[in-house]
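Data block below; observations after.
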Amino acid sequence: MLLKCVLRDLQEEEEEEAGKNLLQVHLNGLLQTDDRIALKEITRQLHLENVVGDKVFGSFAENLSFLLEALKKGDRSSSRPVLFVLDEFDLFAAHKNQTLLYNLLDVSQSAQAPVAVVGVTCRLDVLELLEKRVKSRFSHRQIHLLSDPTFAEYLGRVRTRLGLPDHFPDGRFAADWNASVETLCEDKSVEEVLRRHFNSSKDFRSLHVLLMLCLSRVSVAKPSIRPADLLEASRLCFADAKANMLHGLSILELCLIIAMKHLNDVYEGEPFNLQMVHNEFKKFLQRKSNSMYNFDPPVILKAFEHLQQLEMIRPVDSSSAKTQREYQLMRLMLDHSQIMEALQKYPQCPTEVKQWAMSAFG
Amino acid sequence: MSALLQHGGYEEESLRRVTGQLPCRDVQAGLLLSLMGPPHQYSYPSIFIYGHRSSGKSHVMHVLLKELELPHATVGCVECLSVAVLFEQVLLSFFGCDAASLLPRSPSLSDFVRVYRQQRSQCPSKQTRYIVMEKAELLRDADANLLPALLRLQELVEDNVTVVLLSEIVWDKFRPNTGCFEPLLLHFPDYSKGELQQVLSRDKHPSYSAEFYSSYINILLGVFFSVCRDLRELRHLAALNFPKFCEPLAEGKVKETDAHKLWRNIEPHLKKAMRTVYLREVSSLQWEQMQQTEERDTAAVRGLSAHTHVELPYYSKFLLIAAYLASYNPARTDKRFFLKHHGKIRKTNFLKKNEKTSNHLLGPKPFPLDRLLAIFYSVVDSRVAPTASIFSQISSLVTLQLLTQVSHADQLDAPKYKCAVSMDFICAISRCVCTCFLIHGSRRENRIVQVNGPFTSFLLKENVFFL
């Protein structure tokens, strides 16, 4: 975003030669996953498709130099400057031999043509990813956009994002809204919630998600944000997804998970299979002597497979051909505390199931 | 209820229609609607909706998009064997088939974004465009750059587009290692028992009253709720079993309000359904035919599992029993069980670490062919010559997948096998051959011992079962 603003300013400022002359090539690591594709994209963005035509080039370097030659203006003394912007720069470093990077940086270093290369990435160690020959051609000019706000600055950001700008059409509404935002930020519970978010992650995006969820509760009937909205939005952000999914399981599946938990406790994390889980479940049924949960083995197998589809259990190795389904070893992907928490929230959980879960010896 | 779905950007009439089609999903629909915002404004670049199967995710999205007439493209990721299908579908829905034909033969993401940008500059969007991807967990198996690019699509194509991912797997399992743009996470909770009752009662039969149908649903939920909460399965079961429920009413034996008699009539039927239709052992057509022929003697339903329909020749049955004994008994006990005069047995407390868990829990062990034949000859009570027909029966057992071959197919002289059937199957088979087996299970070993025939009685320990 910063880059876009700068480029826009540059073009607006210098209306004569430089602004109009500058050619920009924007490449993105996510889209151009290969050097060939990148080269085609460069050709396209420089509008040189008809010049290249059907030529076959021996190497990447030849192709690139041909393109840059073609940019030379009429009097052959100068050529148009080209600015290469590489988004997701670290993904380009994963290409084979890093040819694109090598050639681009080579051209920019050797002053054959006026070329500038700007890379944008979110990895701090991106220089480690570059090969030696590429790294040596890099001018080592880095601009770090690290933001490290304090909590007060964080609160200030919340205020600015939520507040309406001055040029909003309805002035009175804007004034009321901004006043309500001020009172909101001074509320104690709101500050606690924001501090919790600040402690978990300081970056802008997670703040955005929180504010977005919060604003979605504003409507024509209720034109202001209340602390309760922020609390609700925070609860949605911090909800444990797996616990939410555990909430929707049937009782049989829940009993199977508790049996797996007991197996994990007794055997300390060794993988289990369906027969072992069924055995554990049968021990529970024998003790409780109620016939409500006496299901046939195929029904239990279906419940087990449903859990596998939800990826709550995962096979230890993926060779499913040799062993039968009932004997394939699996691991549980849930944590002890997640299961216990989900049990508390489970609707209409039978007491004997709860007691079984909390007993120490299965 | 309609008060929840009020939004300035959309017509009241269509919102009312939406509420009518989405029972028990008002909260989620309202949240989605407020996140979508007025159609001409940009909304959040990507939204991830997760929840159990049949919790209404696709249904809510589709109803909202159709009734409010927003431009959208629905892609089922199951159909997208290659990304080309995905790209074509999106371009087709938004810009027509001319745009879709602009894509090259095997398009990359770069081509897709380029064509999209071209089309977008020709027809800019006045409303937010939505791309809905169902079963999004399959996107994880595609190229590594596809998922992060889709999450950022709004930024890459510079258009008012939002990608909505629907899945039943949680987002934590999607996140790529190097991070990506985090979508907005929304959870669709499962239906509670009351809500299920409410939704299922909507399919009421025209010739019966609503209370009658909802009492039927109540009984159905009582039987199936602890096992299955999937709305689609329950609807299917409700539709299949309703004629049986109405039978006594049609015959004039009971009145509508006679709940107890109706319950007594339907309950064993539902229990049988759980063993068959729910497990897809019989098809729905077979089930309906069964109900019509009124078999009172509960003849065995011809299910899909092996033990109900495979008829084996005489010696194959013995071979299978011998294979089961070979798989589940440790080799050193063979001498004791299958020889007439086995001499003294030294009690060895030496047990390998794995044998501490019962063999029945760990699964069958492989055994060589010689051992199988040795046990076979001691189990069969008549003299059998080792002809080729015996060996060919072993091969056919492998083809039927009742035995699995563990060794490599090239190894011809000492092949190894494993028994692939359960104890129930063996019990069913041994009943046919009229022998009597003792299953003696202790904590350390499970021994299956044959009692009749040339063997004398053995010492019996605890946990003895007769067949």
Right, B:F337: at pLDDT 85 or above, assigned to a helix (DSSP H, G or I) and not hydroxyl-bearing (S, T, Y) or not?
no
Mind checking which residues of the stretch A:196-236 are under 20 Å from B:I47 (Cβ atoms), open to solvent by 70 Å² or more (accessible area, probe 1.4 Å) and assigned to a loop (DSSP other than H, G, I, E, B)?
A:D203, A:R217
Restricting the stretch B:204-232 to residues that are in contact (Cβ under 8 Å) with a residue 60 or more places away in the chain and open to solvent by 30 Å² or more (accessible area, probe 1.4 Å), which is farthest from the other protein chains (Cβ to nearest Cβ)?
B:R232
Which condition from (1) closer than 28 Å to A:P347 by Cβ; (2) away from chain A (no Cβ under 13 Å); (3) touching a helix residue (DSSP H, G or I) at 6+ places or on another chain (Cβ under 6 Å) is the one that B:P248 breaks?
(1)
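Going by what's in this entry, would B:S108 be described as among the polar types (S, T, N, Q), crowded, with 20+ Cβ neighbours inside 10 Å, within 24 Å of A:R36 (Cα to Cα) and at pLDDT below 90?
So B:S108 fits the description; yes.
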Checking the condition within 12 Å of chain B (Cβ to nearest Cβ), of a type outside the set (K, R) and either within 30 Å of B:V421 (Cβ to Cβ) or touching a Pro at 6+ places or on another chain (Cβ under 7 Å) (or both), which residue from A:M330, A:M292 passes?
A:M292
In the stretch A:177-230, what residues are within 14 Å of another protein chain (Cβ to nearest Cβ), closer than 19 Å to A:A152 by Cα and more than 22 Å from the chain's Cα centre (by Cα)?
none
Among the residues of the stretch B:350-367, is any at pLDDT 85 or above, open to solvent by 30 Å² or more (accessible area, probe 1.4 Å) and away from chain A (no Cβ under 14 Å)?
no
Check A:W177 against each of (1) open to solvent by less than 50 Å² (accessible area, probe 1.4 Å); (2) part of a loop (DSSP other than H, G, I, E, B); (3) touching a Ser or Thr at 6+ places or on another chain (Cβ under 9 Å); (4) not β-branched (V, I, T) and name the one condition it does not meet.
(2)
Need pairs with beta-carbon distance below 6 Å; first residue at the interface with chain A (Cβ under 7 Å from one of its Cβ atoms) and within the stretch B:175-195, second part of a strand (DSSP E or B) and open to solvent by 60 Å² or more (accessible area, probe 1.4 Å); sequence gap 6+ or separate chains.
none
Only one of B:E168, B:E158, B:E134 is touching a strand residue (DSSP E or B) at 6+ places or on another chain (Cβ under 6 Å), open to solvent by 10 Å² or more (accessible area, probe 1.4 Å) and in contact (Cβ under 8 Å) with a residue 12 or more places away in the chain, namely B:E134
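The values are calculated or read from the model by the stated rules, or taken from the named source; none is laboratory data. All of these numbers come straight from a predicted model, not from anything done at the bench. Using ideal geometry, Cβ is built from the backbone for each residue, glycine included, and neighbour counts are taken over all protein chains shown. Accessible surface areas use protein heavy atoms only, side chains included; no ligands, DNA or RNA. Shrake-Rupley method; radii C 1.70, N 1.55, O 1.52, S 1.80 Å.
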